[in-house]
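Participant: The structure that follows is given in the form of structure tokens.
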Amino acid sequence: MITNLAAGVRAFTSNAFLVDGERTVLVDTGANFDVTERVADHGGIDAVVMTHTHPDHVGNLGDVKREFDVQAWGFDTDQQGIDEPIADGETVRLGDNEYVALHTPGHKNDHLCFYSEAAGVLLAGDLVFQNGSFGRTDLEEGDHDLLVESIDRVLDLVDEDLGEMHVGHGPSMTDRPYSHIELAARMARSAGP
């Protein structure tokens, strides 16, 4: 089960997804709200996994690590707060399923998406969003051409039968999420750098 612990928060934050199961993991910690209380209400976590290290995604990271005595996993251990590396193509257990980590730069150099074919789930971070929106490339480390390549890579890997897509901002998609990725690929191409 995947629960957005940032649901209903009015402050500027990213989504923070609790993936319950054999290995309960918080994917992104959000910012500007007390996520630790919400994690505690669900019984705690075994680890934190980061899609990337923009402030709105890692603002609560220090508090979460201290409160639950867990390590944070991400693409680049040179980034503050990231303890353990996740390599491109590496398999990680989130909840009860294995997810492949996909290095998807363009929005930020350390951006990862996580895909479980068995579960039919994509955790897309800030790569793509609902209705063909896609990650900003006007921030430091942003690169529009790289973002288009990353969207294409995800589009090539996921299946049209994808059941759920959970994104860094806005609602999760359970109705034809693959079509939102297709649209994002077209929109990003037409937007140009």
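Participant: Looking at the range 112-136, I want the residues that are assigned to a helix (DSSP H, G or I) and have a partner that is surrounded by 24 or more Cβ atoms within 10 Å (Cβ to Cβ) with Cβ atoms under 8 Å, at least 6 apart or on another chain. Which pairs are those?
Facilitator: Sorted first by the residue in the range 112-136, then by its partner, the pairs are 130/167; 132/184.
Participant: Filter the range 58-95 down to residues that are touching a residue at least 12 places away in the same chain (Cβ under 8 Å) and of a type in the set (Val, Ile, Thr) and give me whichever is farthest from residue 2 (Cα to Cα). Spell out how you get there, then give the answer.
Facilitator: Of the residues in the range 58-95, the ones touching a residue at least 12 places away in the same chain (Cβ under 8 Å) are 58-65, 67-68, 70-76, 79-89, 92-95.
Still in the running and of a type in the set (Val, Ile, Thr): 58, 64, 70, 82, 86, 92.
Values: 58: 19, 64: 18, 70: 19, 82: 22, 86: 21, 92: 16 Å.
The extreme case among them is 82.
Participant: Restricting to the range 154-184, name every residue that is without any contact (Cβ under 8 Å) to a residue 60 or more places away in the chain, assigned to a loop (DSSP other than H, G, I, E, B) and over 10 Å from residue 130 (Cα atoms).
Facilitator: 158, 159, 160, 161, 162, 163, 174, 175, 176, listed by residue number.
Participant: Separate question: Looking at residue 72 and the list (1) in contact with a Gly (Cβ under 7 Å, 6 or more places away or on another chain); (2) buried (at least 24 other Cβ atoms within 10 Å of the Cβ), which single condition is not satisfied?
Facilitator: For residue 72, the exception is condition (2).
Participant: Right, next: Only one of 106, 163, 170 is at pLDDT 95 or above, touching a helix residue (DSSP H, G or I) at 6+ places or on another chain (Cβ under 8 Å) and buried (at least 22 other Cβ atoms within 10 Å of the Cβ). Can you tell me which? Break it down stepwise before answering.
Facilitator: On the way: 163 fails: buried (at least 22 other Cβ atoms within 10 Å of the Cβ); 170 fails: buried (at least 22 other Cβ atoms within 10 Å of the Cβ).
Residue meeting the stated conditions: 106.
The values are calculated or read from the model by the stated rules, or taken from the named source; none is laboratory data. Just so you know, these numbers come straight off a predicted model, no measurement behind them. Glycine also receives a Cβ, built like all others from the backbone with ideal geometry; neighbour counts cover every protein chain displayed.
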